[in-house]
Amino acid sequence: MKLTRRDWGKIALASLPLSRAFGAKMIDSKFGGVQIGAITYSFNRIASPDPEAIIKAYVEIGLGEAELMSNHCEALAGAPAMPMFGRGPGAGRAPAAPGAPAPAPGGAPGQAGARRGPGGGRAPLTPEQQAERQAAMEKLAQWRASANANTWKGVRKKFNDAGVDVALLCYNMQDAMKDEDIEYGFSMAKGLGVKGITTSTTLTMAKRIAPVADKHKLLVGYHGHDATNDPNQTATLESYDTLMAYGKYNGINLDIGHFTAAGYDAVAFIKQHHARITNLHVKDRKKDHGPNVAVWGTGDTPIKPVLQLLKTEKYPIPANLELEYPIPEGSDIVAEAKKCLAYVKSCLV
(Lines give C-alpha, C1' and ligand atoms only; values in the text may rest on other atoms or scores of the structure.)
Protein backbone atom coordinates (compact mmCIF):
# COMPACT_ATOMS: atom_id res chain seq x y z
CA MET A 1 0.00 0.00 0.00
CA LYS A 2 1.32 3.43 -0.96
CA LEU A 3 0.66 6.57 1.05
CA THR A 4 -1.11 9.37 -0.80
CA ARG A 5 -0.50 13.06 -0.16
CA ARG A 6 -3.72 12.99 1.91
CA ASP A 7 -2.29 10.15 4.03
CA TRP A 8 0.97 12.02 4.53
CA GLY A 9 -0.99 15.13 5.40
CA LYS A 10 -2.88 13.27 8.12
CA ILE A 11 0.43 12.12 9.59
CA ALA A 12 1.73 15.68 9.55
CA LEU A 13 -1.43 16.95 11.27
CA ALA A 14 -0.95 14.34 13.97
CA SER A 15 2.41 15.98 14.70
CA LEU A 16 1.28 19.59 14.93
CA PRO A 17 3.80 21.81 16.73
CA LEU A 18 3.53 21.41 20.49
CA SER A 19 4.04 25.16 20.74
CA ARG A 20 0.54 25.72 19.39
CA ALA A 21 -0.87 23.75 22.29
CA PHE A 22 0.96 26.02 24.72
CA GLY A 23 0.04 29.21 22.88
CA ALA A 24 3.62 30.29 22.12
CA LYS A 25 3.90 33.10 19.59
CA MET A 26 5.58 31.63 16.53
CA ILE A 27 7.75 33.36 13.93
CA ASP A 28 5.82 33.51 10.67
CA SER A 29 8.09 32.61 7.77
CA LYS A 30 5.38 31.43 5.42
CA PHE A 31 5.26 33.49 2.23
CA GLY A 32 2.63 33.05 -0.47
CA GLY A 33 1.47 30.00 1.44
CA VAL A 34 4.93 28.38 1.24
CA GLN A 35 6.68 27.49 4.50
CA ILE A 36 10.30 28.64 4.47
CA GLY A 37 12.73 27.33 7.06
CA ALA A 38 16.30 26.11 7.26
CA ILE A 39 18.29 23.05 8.17
CA THR A 40 20.51 23.71 11.17
CA TYR A 41 23.44 22.28 9.21
CA SER A 42 23.63 25.74 7.65
CA PHE A 43 24.76 27.08 11.02
CA ASN A 44 27.53 24.61 11.83
CA ARG A 45 29.95 27.54 11.90
CA ILE A 46 28.32 29.00 15.01
CA ALA A 47 27.11 25.82 16.71
CA SER A 48 30.21 25.34 18.86
CA PRO A 49 30.86 25.96 21.66
CA ASP A 50 27.31 27.30 22.21
CA PRO A 51 24.65 25.39 20.22
CA GLU A 52 21.97 27.84 21.39
CA ALA A 53 23.55 30.33 18.97
CA ILE A 54 21.64 28.40 16.30
CA ILE A 55 18.30 29.26 17.88
CA LYS A 56 19.30 32.90 18.25
CA ALA A 57 20.22 32.94 14.55
CA TYR A 58 16.75 31.69 13.53
CA VAL A 59 15.17 34.50 15.52
CA GLU A 60 17.47 37.17 14.07
CA ILE A 61 16.97 35.94 10.51
CA GLY A 62 13.21 35.53 10.91
CA LEU A 63 12.87 31.80 10.30
CA GLY A 64 10.02 29.99 12.04
CA GLU A 65 10.72 26.42 10.94
CA ALA A 66 13.76 24.22 11.63
CA GLU A 67 15.06 20.93 10.31
CA LEU A 68 17.21 19.97 13.28
CA MET A 69 20.45 18.03 12.84
CA SER A 70 20.74 15.20 15.36
CA ASN A 71 24.20 16.31 16.56
CA HIS A 72 22.82 19.79 17.27
CA CYS A 73 19.83 18.23 19.01
CA GLU A 74 22.12 16.20 21.26
CA ALA A 75 24.34 19.20 21.99
CA LEU A 76 21.28 21.26 22.97
CA ALA A 77 20.18 18.41 25.23
CA GLY A 78 23.51 18.52 27.08
CA ALA A 79 25.34 15.60 25.51
CA PRO A 80 29.08 15.51 26.29
CA ALA A 81 31.15 17.07 23.51
CA MET A 82 33.93 15.20 21.77
CA PRO A 83 37.51 16.48 22.20
CA MET A 84 38.90 18.49 19.29
CA PHE A 85 42.64 18.23 19.51
CA GLY A 86 44.76 20.94 17.94
CA ARG A 87 41.98 23.54 18.00
CA GLY A 88 43.00 25.46 21.09
CA PRO A 89 42.46 25.04 24.83
CA GLY A 90 39.09 23.60 25.78
CA ALA A 91 37.97 23.21 22.17
CA GLY A 92 35.23 20.67 21.62
CA ARG A 93 32.80 19.54 18.99
CA ALA A 94 29.26 18.28 18.75
CA PRO A 95 28.66 14.62 19.60
CA ALA A 96 29.75 12.08 17.02
CA ALA A 97 27.06 10.23 15.10
CA PRO A 98 25.90 6.93 16.61
CA GLY A 99 27.72 4.01 15.03
CA ALA A 100 30.46 6.24 13.64
CA PRO A 101 33.75 4.34 13.64
CA ALA A 102 36.67 5.76 15.56
CA PRO A 103 39.05 7.57 13.19
CA ALA A 104 42.33 5.99 12.25
CA PRO A 105 45.40 7.60 13.83
CA GLY A 106 45.56 11.11 12.50
CA GLY A 107 41.96 11.02 11.39
CA ALA A 108 40.64 12.87 8.37
CA PRO A 109 39.65 16.52 7.95
CA GLY A 110 36.60 17.20 10.06
CA GLN A 111 36.94 14.14 12.26
CA ALA A 112 37.19 14.45 15.99
CA GLY A 113 40.76 14.05 17.09
CA ALA A 114 42.39 15.24 13.87
CA ARG A 115 45.15 17.81 14.29
CA ARG A 116 47.67 19.55 12.12
CA GLY A 117 51.12 18.09 11.72
CA PRO A 118 54.27 19.45 10.04
CA GLY A 119 53.57 20.79 6.57
CA GLY A 120 49.82 21.07 7.21
CA GLY A 121 49.11 17.34 7.25
CA ARG A 122 47.22 15.47 9.94
CA ALA A 123 49.43 14.40 12.81
CA PRO A 124 48.70 11.11 14.56
CA LEU A 125 47.10 11.33 17.98
CA THR A 126 49.30 10.68 20.94
CA PRO A 127 48.47 7.67 23.13
CA GLU A 128 47.10 10.10 25.72
CA GLN A 129 44.82 11.75 23.15
CA GLN A 130 43.61 8.38 21.89
CA ALA A 131 42.76 7.40 25.45
CA GLU A 132 40.94 10.72 26.01
CA ARG A 133 38.92 10.26 22.87
CA GLN A 134 37.99 6.67 23.77
CA ALA A 135 36.89 7.80 27.23
CA ALA A 136 34.77 10.56 25.64
CA MET A 137 33.13 8.06 23.28
CA GLU A 138 32.25 5.81 26.21
CA LYS A 139 30.84 8.73 28.17
CA LEU A 140 28.72 9.74 25.17
CA ALA A 141 27.44 6.18 24.76
CA GLN A 142 26.35 6.19 28.41
CA TRP A 143 24.61 9.53 27.94
CA ARG A 144 22.73 8.24 24.89
CA ALA A 145 21.61 5.16 26.78
CA SER A 146 20.07 7.42 29.43
CA ALA A 147 18.27 9.73 26.97
CA ASN A 148 14.48 9.49 26.83
CA ALA A 149 11.48 11.35 25.42
CA ASN A 150 11.82 14.12 28.00
CA THR A 151 15.41 14.70 26.86
CA TRP A 152 14.19 15.62 23.39
CA LYS A 153 11.06 17.46 24.55
CA GLY A 154 13.39 19.83 26.38
CA VAL A 155 15.16 20.61 23.11
CA ARG A 156 11.87 21.32 21.34
CA LYS A 157 10.90 23.67 24.16
CA LYS A 158 14.07 25.72 23.60
CA PHE A 159 13.05 26.28 19.97
CA ASN A 160 9.36 26.77 20.75
CA ASP A 161 10.13 29.37 23.41
CA ALA A 162 11.97 31.30 20.70
CA GLY A 163 9.02 30.99 18.29
CA VAL A 164 10.56 28.29 16.08
CA ASP A 165 8.87 25.02 15.14
CA VAL A 166 11.06 21.92 14.86
CA ALA A 167 9.37 20.20 11.95
CA LEU A 168 11.93 17.54 11.01
CA LEU A 169 14.91 15.73 12.48
CA CYS A 170 17.91 15.19 10.21
CA TYR A 171 19.49 11.93 11.35
CA ASN A 172 22.13 10.69 8.92
CA MET A 173 22.28 6.90 9.02
CA GLN A 174 25.51 5.19 8.07
CA ASP A 175 26.03 1.64 6.80
CA ALA A 176 28.11 0.90 9.91
CA MET A 177 25.14 1.53 12.21
CA LYS A 178 23.62 -1.26 14.25
CA ASP A 179 19.86 -1.74 14.44
CA GLU A 180 19.80 -0.06 17.85
CA ASP A 181 21.46 3.03 16.33
CA ILE A 182 18.63 3.28 13.81
CA GLU A 183 16.06 2.90 16.59
CA TYR A 184 17.83 5.65 18.56
CA GLY A 185 17.14 8.12 15.74
CA PHE A 186 13.47 7.19 15.61
CA SER A 187 13.14 7.55 19.39
CA MET A 188 14.74 11.01 19.16
CA ALA A 189 12.30 12.00 16.40
CA LYS A 190 9.28 10.77 18.33
CA GLY A 191 10.43 12.54 21.49
CA LEU A 192 10.82 15.78 19.51
CA GLY A 193 7.34 15.34 18.07
CA VAL A 194 8.48 15.95 14.47
CA LYS A 195 6.53 14.87 11.42
CA GLY A 196 9.45 12.91 10.00
CA ILE A 197 13.15 12.20 9.65
CA THR A 198 15.45 13.32 6.87
CA THR A 199 18.66 11.44 6.18
CA SER A 200 21.66 11.29 3.87
CA THR A 201 22.44 7.63 3.37
CA THR A 202 22.80 4.79 0.90
CA LEU A 203 20.21 2.65 -0.84
CA THR A 204 21.53 -0.27 1.20
CA MET A 205 20.54 1.58 4.36
CA ALA A 206 17.23 2.74 2.88
CA LYS A 207 16.23 -0.92 2.57
CA ARG A 208 17.14 -1.51 6.24
CA ILE A 209 15.38 1.64 7.41
CA ALA A 210 12.09 1.03 5.55
CA PRO A 211 10.64 -1.62 7.91
CA VAL A 212 11.64 0.47 10.94
CA ALA A 213 9.82 3.48 9.45
CA ASP A 214 6.79 1.28 8.75
CA LYS A 215 6.82 0.02 12.35
CA HIS A 216 6.94 3.54 13.79
CA LYS A 217 4.69 5.02 11.06
CA LEU A 218 7.17 7.87 10.67
CA LEU A 219 8.09 9.45 7.36
CA VAL A 220 11.70 9.31 6.18
CA GLY A 221 12.85 11.76 3.50
CA TYR A 222 16.04 10.61 1.78
CA HIS A 223 18.36 13.45 0.85
CA GLY A 224 19.67 13.37 -2.69
CA HIS A 225 23.13 14.33 -3.93
CA ASP A 226 24.67 14.48 -7.38
CA ALA A 227 26.92 11.39 -7.17
CA THR A 228 25.24 9.84 -10.20
CA ASN A 229 28.23 7.54 -10.79
CA ASP A 230 27.58 5.64 -7.53
CA PRO A 231 24.66 3.20 -7.81
CA ASN A 232 24.31 2.99 -4.01
CA GLN A 233 23.69 6.73 -3.59
CA THR A 234 20.42 8.65 -3.86
CA ALA A 235 21.29 10.62 -6.98
CA THR A 236 19.73 9.17 -10.15
CA LEU A 237 16.04 9.06 -10.98
CA GLU A 238 16.24 5.27 -10.72
CA SER A 239 17.63 5.50 -7.17
CA TYR A 240 14.65 7.58 -6.03
CA ASP A 241 12.27 4.99 -7.48
CA THR A 242 14.20 2.21 -5.75
CA LEU A 243 14.14 3.70 -2.27
CA MET A 244 10.46 4.61 -2.49
CA ALA A 245 9.64 1.03 -3.49
CA TYR A 246 11.24 -0.28 -0.27
CA GLY A 247 8.43 0.99 1.95
CA LYS A 248 5.39 3.25 2.08
CA TYR A 249 7.03 5.58 4.62
CA ASN A 250 10.13 6.04 2.45
CA GLY A 251 10.02 9.48 0.85
CA ILE A 252 12.29 12.18 -0.52
CA ASN A 253 14.06 15.19 0.91
CA LEU A 254 14.68 16.82 -2.46
CA ASP A 255 17.74 19.04 -2.63
CA ILE A 256 16.96 21.10 -5.71
CA GLY A 257 20.56 22.31 -6.00
CA HIS A 258 22.08 18.83 -6.07
CA PHE A 259 19.23 17.63 -8.29
CA THR A 260 20.04 20.36 -10.81
CA ALA A 261 23.77 19.61 -10.63
CA ALA A 262 22.92 15.98 -11.42
CA GLY A 263 21.22 17.14 -14.63
CA TYR A 264 17.56 16.77 -13.68
CA ASP A 265 14.46 18.97 -13.76
CA ALA A 266 13.30 19.72 -10.21
CA VAL A 267 9.97 21.23 -11.31
CA ALA A 268 8.96 18.15 -13.28
CA PHE A 269 10.08 15.84 -10.49
CA ILE A 270 8.08 17.69 -7.84
CA LYS A 271 4.98 17.61 -10.03
CA GLN A 272 5.32 13.85 -10.38
CA HIS A 273 6.34 12.94 -6.82
CA HIS A 274 5.01 15.74 -4.57
CA ALA A 275 3.01 13.22 -2.54
CA ARG A 276 6.27 11.55 -1.41
CA ILE A 277 8.37 14.67 -0.74
CA THR A 278 8.89 15.53 2.95
CA ASN A 279 10.67 18.84 2.26
CA LEU A 280 13.05 20.64 -0.05
CA HIS A 281 16.58 21.86 0.47
CA VAL A 282 17.05 25.14 -1.34
CA LYS A 283 20.44 26.16 -2.69
CA ASP A 284 21.74 27.42 -6.02
CA ARG A 285 24.17 25.27 -7.99
CA LYS A 286 25.44 25.10 -11.53
CA LYS A 287 24.59 22.25 -13.87
CA ASP A 288 26.96 19.40 -14.74
CA HIS A 289 28.05 18.86 -11.13
CA GLY A 290 28.93 22.53 -10.87
CA PRO A 291 29.61 24.49 -7.69
CA ASN A 292 27.32 26.25 -5.24
CA VAL A 293 26.96 29.95 -5.97
CA ALA A 294 26.88 32.59 -3.26
CA VAL A 295 24.44 34.92 -5.03
CA TRP A 296 21.23 32.97 -5.41
CA GLY A 297 19.56 33.49 -8.76
CA THR A 298 22.87 33.46 -10.67
CA GLY A 299 23.19 29.66 -10.79
CA ASP A 300 21.19 27.11 -12.77
CA THR A 301 18.84 25.88 -10.04
CA PRO A 302 15.22 26.84 -10.83
CA ILE A 303 14.56 28.26 -7.37
CA LYS A 304 11.83 30.65 -8.47
CA PRO A 305 9.91 28.17 -10.69
CA VAL A 306 10.05 25.58 -7.88
CA LEU A 307 8.73 28.00 -5.26
CA GLN A 308 6.06 29.29 -7.60
CA LEU A 309 4.98 25.68 -8.20
CA LEU A 310 4.58 25.12 -4.44
CA LYS A 311 2.62 28.35 -4.20
CA THR A 312 0.33 27.70 -7.17
CA GLU A 313 -0.38 24.05 -6.43
CA LYS A 314 -0.51 24.62 -2.66
CA TYR A 315 1.79 21.67 -2.05
CA PRO A 316 2.39 21.53 1.75
CA ILE A 317 6.14 21.00 1.30
CA PRO A 318 8.52 23.08 3.46
CA ALA A 319 11.37 24.72 1.55
CA ASN A 320 14.42 24.79 3.81
CA LEU A 321 17.44 26.95 3.15
CA GLU A 322 20.73 25.03 3.11
CA LEU A 323 23.75 27.32 2.94
CA GLU A 324 26.87 25.50 1.78
CA TYR A 325 28.79 28.09 -0.19
CA PRO A 326 31.92 29.77 1.28
CA ILE A 327 31.06 32.86 3.31
CA PRO A 328 32.32 35.97 1.48
CA GLU A 329 34.98 38.00 3.24
CA GLY A 330 33.46 40.57 5.58
CA SER A 331 30.18 38.69 5.93
CA ASP A 332 28.89 35.99 8.29
CA ILE A 333 26.40 33.13 8.16
CA VAL A 334 23.51 35.14 9.63
CA ALA A 335 23.98 37.96 7.11
CA GLU A 336 24.16 35.43 4.26
CA ALA A 337 21.04 33.64 5.46
CA LYS A 338 19.18 36.96 5.49
CA LYS A 339 20.23 37.54 1.86
CA CYS A 340 19.08 34.06 0.85
CA LEU A 341 15.77 34.47 2.66
CA ALA A 342 15.23 37.82 0.94
CA TYR A 343 15.82 36.19 -2.44
CA VAL A 344 13.40 33.35 -1.66
CA LYS A 345 10.74 35.84 -0.56
CA SER A 346 11.20 37.77 -3.82
CA CYS A 347 10.52 34.54 -5.72
CA LEU A 348 7.12 34.20 -4.06
CA VAL A 349 5.77 37.65 -4.86
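The values are calculated or read from the model by the stated rules, or taken from the named source; none is laboratory data. What you see is a predicted model; the values in this text were computed from it and never measured. With ligands, DNA and RNA removed, areas are computed over all heavy atoms of the protein, side chains included. Shrake-Rupley method; radii C 1.70, N 1.55, O 1.52, S 1.80 Å.
A compact table of results
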quantity	calculated
For GLY251, residues with placed amide H under 5 Å, excluding near neighbours	VAL220, GLY221, TYR222
Rounded percent of accessible protein surface that carbon and sulfur make up, the range 212-276, 1.4 Å probe	50
Residue-normalised accessible area of the range 164-232, expressed per residue, 1.4 Å probe, Å²	35
Under the Karplus curve 6.51 cos²θ - 1.76 cosθ + 1.60, θ = phi - 60°, whole-Hz ³J(HN,Hα) for the range 235-248, x wherever Gly or Pro sits	8, 8, 4, 5, 5, 5, 4, 4, 5, 5, 6, 6, x, 6
For the range 287-303, Karplus couplings with θ = phi - 60° (6.51, -1.76, 1.60), whole Hz, Gly/Pro x	5, 6, 6, x, x, 5, 10, 6, 9, 5, x, 9, x, 9, 5, x, 4
Amide H within-cut-off set for VAL282, under 5 Å, with H built and near neighbours excluded	ASN320, LEU321, GLU322
Linear extension gain, LYS158 paired with GLU313, 0.36 nm per residue minus alpha-carbon span	52.5 nm
Amide H contacts of ALA294 (H built 1.01 Å from N, under 5 Å, at least 5 apart or other chain)	none
Net lengthening on full extension, ALA227/LYS190 (0.36 nm per residue, minus Cα-Cα)	10.2 nm
Probe 1.4 Å, accessible area per residue of the range 44-86, Å²	34
Between the range 40-83 and the range 182-251, the Cα center-to-center distance that results, in Å	23
